[in-house]
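Before any comments, here is the structure.
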């Protein structure tokens, strides 16, 4: 049994194997057979891409999905996350994909339950499967991570994508910088340097935009002028290297983080990331059950 809760606790060799597996599944359209396993997706935050990407990965591998709706569950009666997972495990669910508002929600579960937990996002902490699909996308493009210059742009302090990607890309040999307003800097993010997008754009290999997470903001910002001040405008994009790519985990606030004309521009890999998400999650499910 394997959990998949963070890339931090995985060896680089295993992470490279997962990347290779995802790319192989994408090319060959041949998937592991997990048809004898029951899985449940427990999402306590809204999600489109992550939730449905997991469902597609589960269906492509033949898994039986036990559907769960937080709004109609006993969570609304005061049941704890542990008791919910314990209940579903007791009736036969063998693996849980969980997104939760609480940072490191999985610690209580993995210490008390003998069942695989896949982290689909914990608070402002980690998003390991998004990070894996981003690694797949970057590796498909460049064939390496070593010495790539990656600038992570936007709402760094609230972004689990930023936290996950900065850590693993640094371990893999990339150089990280953060282009963010002063009020969204994270003093705990010490693996990269802070800069402005105007300073970093011409040297970047990867421009990784973040969603402005308005639901987590205690203090509002001027959204009207955000794109011109901090986002990826067409003028800034024109200064990118021809080989550089644009990434964004989505959902996208159009004309806030990025000019909407750039979302499907030739250098954008935003929808490629979504495609790769299915195959990255197939690789994760295969790791959980067949490693």
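Given 20 °C and 1.002 mPa s, compute D for segment 1-95 with the Stokes-Einstein relation, Rh being the Kirkwood radius over Cα pairs; round to the nearest whole µm²/s.
On the way: Rh = 15.4 Å.
Diffusion coefficient, whole number: 139 µm²/s.
Report, to the nearest 10°, how far helix 160-171 tilts away from the longest principal axis of the Cα atoms in the chain, using its own Cα long axis and a range of 0 to 90°.
Helix 160-171 sits at roughly 80 degrees to that axis.
Between 194, 67, 38, where does the largest GNM mean-square fluctuation fall for the chain, given springs only between Cα atoms within less than 10 Å?
Comparing 194, 67, 38 in a Gaussian network model of the chain, the most mobile one is 67.
Residues of segment 104-145 with backbone nitrogen within less than 13 Å of a virtual label 7 Å along the Cα-to-Cβ line of residue 27, please, listed as ranges.
140-141, 143, by backbone N distance to the label point.
Determine, for 26, 59, the number of other Cβ atoms within 10 Å of each Cβ, and report the residues in order from fewest to most.
59, 26
So if we plug the beta-carbon distance of residue 202 and residue 182 into 1/(1 + (r/R0)^6) with R0 = 25 Å, what FRET efficiency do we get, rounded to 0.05? Mind showing how you got there, number by number?
On the way: r = 22 Å, r/R0 = 0.90.
Efficiency at R0 = 25 Å is approximately 0.65.
What value does segment 1-159 have for Rg/Rh, both radii from Cα atoms and Rh as Kirkwood defines it? Can you show the working numbers first?
Working: Rg = 16.6 Å, Rh = 17.1 Å.
A ratio of 0.97.
Which of 33, 188, 165 ends up with the largest GNM mean-square fluctuation for the chain, with Cα atoms connected below 10 Å?
Maximum among the listed residues: 188.
For the chain, what class follows from the C-alpha gyration tensor (a ≥ b ≥ c being the square roots of its eigenvalues): rounded when a/c is under 1.5, otherwise prolate if a/b is larger than b/c, else oblate? Numbers along the way, then the final one.
Values: a/c = 1.96, a/b = 1.47, b/c = 1.33.
Prolate is the answer for the chain, as a/c is 1.5 or above and a/b outweighs b/c.
Once the Cβ-Cβ distance between residue 80 and residue 243 is put in as r, and R0 is 45 Å, what FRET efficiency do you end up with, to the nearest 0.05?
Working: r = 50 Å, r/R0 = 1.10.
Approximately 0.35, to the nearest 0.05.
In whole angstrom, how long is each semi-axis of the equivalent ellipsoid of segment 128-273, when you take the square root of 5 times every eigenvalue of its Cα gyration tensor and sort them from largest down?
Values: eigenvalues 86, 63, 40 Å².
Three semi-axes, in Å: 21, 18, 14.
Anyone know which of 173, 154, 78 comes out most mobile in the 10 Å Cα GNM of the chain?
Residue with maximal mean-square fluctuation among 173, 154, 78: 78.
If you average the C-alpha positions of segment 222-291 and of segment 29-60 separately, how far apart do those two centres end up, in angstrom?
Rounded to whole Å, the Cα centres lie 22 Å apart.
Arranged by the count of other C-beta atoms within 10 angstrom, fewest first, what order do 164, 268 take? Mind dumping the intermediate values first?
Values: 164 25, 268 19.
Ordered from fewest to most neighbouring Cβ atoms within 10 Å, 164, 268 come out as 268, 164.
Mean 1/r over all different Cα pairs, inverted: what Kirkwood radius does segment 73-137 give, in Å? Working shown, then result.
Details: mean 1/r = 0.0783 Å⁻¹.
Taking every pair of different Cα atoms in segment 73-137, averaging 1/r and inverting gives 12.8 Å.
Which distance in nm do the two modelled labels at residue 20 and residue 90 give, with both placed 7 Å along the Cα-to-Cβ direction?
Here the answer is 4.4 nm between the modelled labels.
Can you classify segment 5-61 as rounded, prolate or oblate using the Cα gyration tensor, where a ≥ b ≥ c are the square roots of its eigenvalues, rounded means a/c under 1.5, and otherwise it's prolate if a/b beats b/c and oblate if not?
Working: a/c = 1.77, a/b = 1.17, b/c = 1.52.
It is oblate, given that a/c is not under 1.5 and a/b is not larger than b/c.
Rounded if a/c is under 1.5, else prolate if a/b is larger than b/c, else oblate: which is segment 104-149, with a ≥ b ≥ c the root eigenvalues of its Cα gyration tensor? Intermediate values should be presented prior to the final figure.
Values: a/c = 3.61, a/b = 2.70, b/c = 1.34.
Prolate shape, in that a/c is at least 1.5 and a/b is the bigger ratio.
Provide the three semi-axes, in whole Å and in decreasing order, of the ellipsoid equivalent to segment 239-287 as defined by the square roots of 5 times the Cα gyration tensor eigenvalues.
Values: eigenvalues 125, 37, 11 Å².
Taking √(5λ) for each eigenvalue gives 25, 14, 7 Å, largest first.
Work out how much length residue 102 to residue 64 would gain on full extension: take 0.36 nm times their residue separation and subtract the Cα-Cα distance, in nm to one decimal. Kindly include the intermediate steps, with their values, before the conclusion.
Numbers: separation 38, 0.36 × 38 = 13.68 nm, distance 2.72 nm.
Residue separation times 0.36 nm, minus the Cα-Cα distance, leaves 11.0 nm.
Report the extension gain between residue 264 and residue 224 in nm, rounded to one decimal, defined as 0.36 nm multiplied by the number of residues separating them, less their alpha carbon distance.
Details: separation 40, 0.36 × 40 = 14.40 nm, distance 2.23 nm.
12.2 nm is the gain from fully extending residue 264 to residue 224.
Since every read-out is calculated from the coordinates, none of them should be taken as a lab result. Note that this is a predicted model, so its numbers are computed, not measured. Positions of Cβ are backbone-derived with ideal geometry, glycine not excepted, and every protein chain shown enters the neighbour counts.
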